[in-house]
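Values in this text are rule-based calculations from the coordinates and carry no lab data. No experiment lies behind these values; they were computed from the predicted model shown. For neighbour counting, all protein chains shown are included, and Cβ atoms are generated from backbone atoms with ideal geometry for every residue, glycine included.
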């Protein structure tokens, strides 16, 4: 059985790197895997070298997304964050980078996105903004 992975149009595929997300999806669906088995699963979706898979796993480990554990003669990789936490961290990082690069352009881009949202989502966003402003005022 071949698991269903996010489509190529998935926002998180672009935000976190296609290979990073693919590896994370495999680990979330299948649980801890030895490096070789994980590589074979990646091969079902994308033709890459074994060393590339190991490089991406090392990067994910350094970011705190994947845990490495030695089991006899092999290394077992497992997800160290939930899918939801991963999405929050990746999205938060992207938003932070956008504001660090150009706060004015970031606000403009967000305003453009918000203009295309459904009214109920805009109402929810407005409520969240009010809550955050209230929290900020209390801290000052």
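Relative to the longest principal Cα axis of the chain, at what angle does helix 103-114 sit, 0 to 90 degrees, rounded to 10? Rounded to the nearest ten degrees, it is 90. Projected label points at residue 61 and residue 132, each 7 Å from Cα along the beta carbon direction, are separated by 3.5 nanometres. Simple spin-label estimate for residue 73 and residue 115 gives 6.3 nm between the two label positions (7 Å along the Cα-to-Cβ direction from each Cα). Axis angle, to the nearest 10 degrees, between helix 119-139 and the longest C-alpha principal axis of the chain: 80 degrees.
With contacts taken as Cα pairs under 8 Å and at least 6 residues apart, the chain reaches a relative contact order of 19 percent. Shape descriptor for the stretch 11-83: Rg over Rh equals 0.93 (Cα atoms; Rh from the Kirkwood inverse mean 1/r).
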